[in-house]
Amino acid sequence: MLVLGIETTCDETGAAVVERLPQGPGRILSNIVLSQIDAHAAFGGVVPEIAARAHVEALDVVIAKAMAEAGVSFAALDGIAAAAGPGLIGGVIVGLTTAKAIALVSEKPLIAVNHLEAHALTARLTDATAFPYCLFLASGGHTQIVAVLGVGNYVRLGTTVDDAIGEAFDKVAKLLGLPYPGGPEVEREALSGNPARVALPRPMLGRQHADFSLSGLKTALRVEAERMAPLSEDDVRDLCASFQQSVLEVVGDRLRAGVKMFREHYGKPNALVAAGGVAANQAIRKVLHQVAFETGTVLVLPPAALCTDNGAMIAWAGAERLALGLTDTLAALPHARWSLHDVTGPEQDASPRSVETPTMAISRPAAFEDG
Ligand code: KG4
Ligand code: ZN
């Protein structure tokens with residue numbers, strides 16, 4: 001089964017052709033990712049209007065390159081998949097509309113993929129990981145611990161009540177004068193900094209539930225940075241190292257709580273799986289190894305290029321859905337917000353699923369629903 005996947009939800013224009021075999025991992029025939037970082041760098045973050053325009057300008061070339069590299073024609077494809085959200089709506093419309101046009105002209109089925117589902121299923125593309133497994137999804141827009149029970153069957157065990165981890169890295173970088181995107185910059189600075197120099201909080205540490213909170217940590221860092229100003233290069237390194245150290249301890253603690261919750265509800269997970277841009281962080285990868293070791297769980301860490309946004313994960317999620325007969329019509333809508341637990345699977349059960357935990361908020365502010 002050959003599927004073309006299109007990713008345009010944020011600041012990467014991606015297209016890929018992936019082959020799904022009856023069993024085993026997928027085969028990536030091509031995976032073209034054009035980053036818009038340069039277009040946004042001057043603004044210190046992603047500007048939605050600039051992103052949408054950049055996708056319009058680049059997408060046809062990126063798709064043509066993905067098809068040429070894969071050496072296949074549109075006629076040879078079995079389906080056309082595009083990320084239909086959640087994300088910046090201008091970009092989502094560009095990708096989904098392009099996929100609809102290709103599907104219509106080539107008379108192939110369309111698969112409107114949830115971007116988070118694509119992150120969630122990447123471990124099956126790379127490692128053929130069997131359901132159920134415990135997913136740690138940490139990117140610029142999302143921080144979640146999810147029980148992945150089947151295609152379209154996701155239960156959120158924990159989420160952030162405020163900032164996503166990648167967002168916190170980006171904001172810390174910005175306030176320390178480091179370039180965008182901040183995650184890799186903070187990680188690099190932290191390498192030569194002193195993680196014990198600045199005392200920062202460890203939000204949610206030791207709580208029974210598996211939720212995260214990052215905004216207090218970021219504020220505490222800002223207060224310390226203002227107190228230390230003017231900042232020397234050593235100060236910046238120590239602030240980065242201290243911030244990252246706090247994140248590492250929190251991530252380890254929240255993951256232990258998440259795996260425990262998973263075991264209580266679903267038994268032993270087949271794996272602990274990481275996805276999202278933050279999973280490219282080497283120190284966080286070490287924490288994941290440690291938690292997997294401690295909890296006796298197999299760790300699946302897809303390569304960094306498949307943790308950050310890309311077309312291959314969209315193509316793979318499309319192929320997984322297509323194999324189950326889950327296709328969409330040309331009336332499929334783009335979504336700025338689209339919660340993972342609202343994605344449906346073969347059983348067509350549209351009711352949102354969640355596990356109640358002792359301290360989980362009864363009603364979350366709507367703004368956090370897909371974060
Ligand atoms: O998954 P992704 O490519 O895009 C979405 O947000 O969907 O993740 C990007 C995020 C950014 O916030 C970036 O700063 C963060 O992942 N990130 C990192 C690292 N590399 C990327 N955060 C910490 N350490 C890194 N090495
Ligand atoms: Zn993403």
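The values are calculated or read from the model by the stated rules, or taken from the named source; none is laboratory data. Values in this document were obtained by computation on a predicted structure and should not be read as measured data. Note that each Cβ is placed from the backbone with ideal geometry, even for glycine, and that neighbours are counted across all protein chains shown. What goes into the accessible areas is simple: the full protein's heavy atoms, side chains included, and nothing from ligands, DNA or RNA. Shrake-Rupley method; radii C 1.70, N 1.55, O 1.52, S 1.80 Å.
Descriptive notes on the structure:
- Test: residue 243 is crowded, with 23+ Cβ neighbours inside 10 Å and within 13 Å of ligand 1 (Cβ to nearest atom): yes
- Helices (runs of 4 or more DSSP H) enclosed by the stretch 231-346 - at least 3 residues per element that are modelled with pLDDT under 95 and in contact with a strand residue (DSSP E or B) (Cβ under 6 Å, 6 or more places away or on another chain): none
- Annotation: residue 143 fulfils all but one of (1) within 18 Å of residue 270 (Cβ to Cβ); (2) within 15 Å of ligand 1 (Cβ to nearest atom); (3) in contact with a helix residue (DSSP H, G or I) (Cβ under 7 Å, 6 or more places away or on another chain); the unmet one is (1).
Table: residues versus (1) more than 11 Å from ligand 1 (Cβ to nearest atom); (2) of a type in the set (Ser, Thr, Tyr).
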| residue | (1), (2) |
| --- | --- |
| 270 | yes, no |
| 276 | no, no |
| 281 | no, no |
| 285 | no, no |
| 292 | yes, no |
| 297 | yes, yes |
| 301 | yes, no |
| 307 | no, no |
| 311 | yes, no |
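- Unmet requirement for residue 107, which otherwise passes all of (1) touching a His at 6+ places or on another chain (Cβ under 8 Å); (2) surrounded by fewer than 20 Cβ atoms within 10 Å (Cβ to Cβ); (3) on the phi > 0 side of the Ramachandran plot: (1)
- Residue satisfying all of: in the stretch 32-61; open to solvent by less than 30 Å² (accessible area, probe 1.4 Å) and in contact (Cβ under 8 Å) with a residue 60 or more places away in the chain; farthest from residue 313 (Cα to Cα) among these: 44
- Across the stretch 1-21, the qualifying residues are those that are open to solvent by 10 Å² or more (accessible area, probe 1.4 Å) and in contact with a helix residue (DSSP H, G or I) (Cβ under 9 Å, 6 or more places away or on another chain), and the one among them that is nearest to ligand 1 (Cβ to nearest atom) is 10.
- Residue tally, condition open to solvent by 40 Å² or more (accessible area, probe 1.4 Å) and basic (Lys, Arg), over the stretch 154-180: 2
- Qualifying residue in the stretch 218-228 (condition: open to solvent by less than 60 Å² (accessible area, probe 1.4 Å), within 16 Å of ligand 1 (Cβ to nearest atom), at pLDDT 95 or above and assigned to a helix (DSSP H, G or I)): yes
- When residue 88 is tested against the conditions (1) at pLDDT below 95; (2) outside the structural domain of residue 325 (by TED's automatic domain parsing), the lone failure is (2).
- Residue match in the stretch 262-277 (condition: closer than 21 Å to residue 168 by Cα and either open to solvent by 10 Å² or more (accessible area, probe 1.4 Å) or more than 16 Å from ligand 2 (Cβ to nearest atom) (or both)): yes
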